[in-house]
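Undergrad: Below: one structure in structure tokens.
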Amino acid sequence: MEHLVDHIRTSYHSLHEPTCALCNKHCRSFDSLREHLIGPLPKQECKKLFKILGCEFCLSVLESPHALRLHQHRCRFSGVNYGTMSRPANKSTTGVDNGFSYHVVALACQMVDGGGNNGSMDVCARVCMVDEYENIIFHVYVKPPIPVPNYRYENSGIGGEHLRDGMPLKQVQRRIEEFLCNGEAMWKIRSPKAGKARILVGHHLHPLLQSLHLEYPSFMIRDTAAYPPLMKTNKLSNSLKYLTQTYLGYDIQAGVQDPYEDCVATMRLYLRMRNQVHQREDYPQASDPRNRNNFAPSRQSELERMSPEAMLTISRSDYYCWCLDSM
């Protein structure tokens, strides 16, 4: 029991972790849960049942094979439907107002390699933003502030003719800030649940924002490359291509990469994580001062007399679960 208390104290197990629906094993990530169910060395009892009743995308377990078929039809996404709005015109354009109110936006950029005199800088050449309904709200080519000797056309699909009439970077910055802050001053943004500012979704957002010379509060950012349940078992980031194929069921980034496609994929991943149903807790994060004494050394004897289930009820997550955005 002493070792069990130490383990739960340091592992931050919680009701928000990916959990096997068959044996209730808690995992730090969905990749870890996938290995437990269908990996090279799975738990055999869980593997047998999951093969019959389990969804390979969201890893949930259904009550019957018929229910599984219906569920997988809804759970698996089709690829992005490319229309005329999925690619900006040669001149800078922005998406029209879609008439919906939205609280979340996804951002993706297309970089061209070899910016600057020594070819060591990535330059943002194309920006796309979509809302949670997958409608484009901003999509432009960006006029580079420095020379670009190599556009890598075979990967980016971008040439000098696209950027010649692009929107200047400072104007792009201003427009993105307008969409994110939604009329609220940056210094007033305090919480994703208060005020008018919007949650920003993306993949590897830190270098992306750096390339745009933008800053945004970290508590308003949902990065699919840094979200613990979507990371590898060794706590490194998964590629967006892998996450989309594994958890959404379709392929992206085949040939020329499109930031609109990346935006839609990150938004779908975010919504899938946000829509998970977890039991509500008071003060769900371990960092909350009110959880400071849950596993205090002074309570060691009391904790050792608890059952594992009782200890789990007072254990809290060390990351912010995105399901809390929907509460």
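The values are calculated or read from the model by the stated rules, or taken from the named source; none is laboratory data. What you are looking at is a predicted structure, and each value in this text was computed from that prediction instead of being measured. Every residue, glycine among them, receives a Cβ derived from its backbone with ideal geometry; neighbour counts consider all protein chains shown. For the accessible areas, the whole protein counts, side chains as well, though only heavy atoms, and no ligand, DNA or RNA atoms are used. Shrake-Rupley method; radii C 1.70, N 1.55, O 1.52, S 1.80 Å.
Undergrad: Of the listed values (1) 70, 47, 44; (2) 51, 48, 42; (3) 149, 75, 48, grab the one calculated as Cα extents along the principal axes in Å from the structure here.
TA: The value computed from this structure is option (1).
Undergrad: Below 22 Å, Cα to Cα, which lysines can LYS143 reach? Residues fewer than 8 away in the same chain don't count.
TA: Here the lysines satisfying the reach criterion relative to LYS143 are LYS91, LYS170.
Undergrad: Taking 56 Å as R0, compute the FRET efficiency from the Cβ-Cβ separation of ASP251 and SER301 and round it to 0.05.
TA: Between ASP251 and SER301 the formula returns 0.55.
Undergrad: Right, another one. Could you look at the chain and say what percent of its accessible area is carbon and sulfur, using a 1.4 Å probe and all protein chains?
TA: Using a 1.4 Å probe with all protein chains present, the chain comes out at 52 percent carbon and sulfur.
Undergrad: What relative contact order, as a whole-number percentage, does segment 104-275 give when Cα pairs under 8 Å and 6 or more residues apart are counted?
TA: Relative contact order for segment 104-275 comes out at 24 percent.
Undergrad: Amide H to amide H under 5 Å from ARG126: which residues, 5+ apart in sequence or cross-chain, H placed 1.01 Å off N in plane?
TA: GLN110, VAL142
Undergrad: Right, next: Show the residues, 5+ positions off or on another chain, whose built amide H is closer than 5 Å to the amide H of MET121.
TA: GLY114, GLY115
Undergrad: Let me know the volume per residue of the alpha-carbon convex hull for segment 104-275, in Å³.
TA: Considering the Cα atoms of segment 104-275, their hull volume per residue is 126 Å³.
Undergrad: Can you list residues whose amide H is under 5 Å from LEU22's amide H, if they're 5+ apart or on another chain and H is modeled 1.01 Å from N?
TA: none
Undergrad: Let me ask something else. Give me the lysines in straight-line cross-link reach of LYS241: C-alpha distance below 20 Å, same-chain residues under 8 apart excluded.
TA: Counting by Cα, and skipping residues close in sequence, LYS241 has these lysines nearby: LYS232.
Undergrad: So, counting K/R as plus one and D/E as minus one, what does the shell of residues with Cβ under 14 Å around HIS204 add up to?
TA: Taking every Cβ under 14 Å from that of HIS204, the sum is -1.
Undergrad: Report the FRET efficiency, 1/(1 + (r/R0)^6), for THR233 and TYR133, where r is their Cβ-Cβ distance and R0 is 30 Å, rounded to 0.05.
TA: E between THR233 and TYR133, to the nearest 0.05, is 0.35.
Undergrad: For THR10 paired with ASP282, estimate the spin-label separation in nm (one decimal), with each label point 7 Å from Cα along the Cα-to-Cβ line.
TA: Reported label-point gap for THR10 and ASP282 is 3.0 nm.
Undergrad: If you average the C-alpha positions of segment 8-57 and of segment 287-327 separately, how far apart do those two centres end up, in angstrom?
TA: Rounded to whole Å, the Cα centres lie 21 Å apart.
Undergrad: Using a Cα-Cα cut-off of under 18 Å, which aspartates and glutamates could be cross-linked to LYS235, ignoring same-chain neighbours fewer than 8 residues away?
TA: Of all the aspartates and glutamates, those that pass the test against LYS235 - Cα under 18 Å, at least 8 places apart if same chain - are GLU17, ASP31, GLU35, ASP223, ASP318.
Undergrad: Heavy-atom accessible area per residue, the chain, 1.4 Å probe: how many Å²?
TA: Ligands and nucleic acids excluded, the result is 52 Å² per residue.
Undergrad: Taking only Cα atoms, what is the 0 to 90° angle, nearest 10, from helix 44-53's long axis to the longest principal axis of the chain?
TA: Between the helix axis and the principal axis of the chain, the angle is about 60 degrees.
Undergrad: Per residue of segment 219-224, in order, report the coupling 6.51 cos²θ - 1.76 cosθ + 1.60 (Karplus, θ = phi - 60°) as ³J(HN,Hα) in whole Hz, putting x for Gly and Pro.
TA: 6, 9, 9, 10, 9, 5
Undergrad: Nearest 500 deg cm²/dmol is fine: what mean residue ellipticity at 222 nm does the chain get from its DSSP H runs of n ≥ 4 alone, each adding -39,500 (n - 2.57), divided by its residue count?
TA: Result for the chain, helices only: -9000 deg cm²/dmol.
Undergrad: Right, here's the next one. Counting only DSSP beta bridges with both residues in the chain, tell me the antiparallel percent, nearest 5.
TA: That works out to approximately 65 percent antiparallel.
Undergrad: Relative to the longest principal axis of the chain, what angle (0 to 90°, nearest 10) does the C-alpha long axis of helix 65-75 take?
TA: 30 degrees
Undergrad: Moving to a separate point now. May I ask you to list the residues of segment 26-52 whose amide nitrogen lies under 19 Å from a point 7 Å from Cα along the Cα→beta-carbon direction of ASP318?
TA: Residues passing the 19 Å test: 26-33.
Undergrad: Okay, moving on. How high is the FRET efficiency from ARG164 to PHE219, r the C-beta distance, R0 30 Å, rounded to 0.05?
TA: That gives a FRET efficiency of 0.20.
Undergrad: Applying the Karplus parametrisation 6.51 cos²θ - 1.76 cosθ + 1.60 with θ = phi - 60° to the phi angles of segment 185-194, what ³J(HN,Hα) value in whole Hz is obtained for each residue in order, glycine and proline being reported as x?
TA: Calculated HN-Hα couplings, in order: 5, 4, 6, 8, 5, 10, 7, x, 9, 10 Hz.
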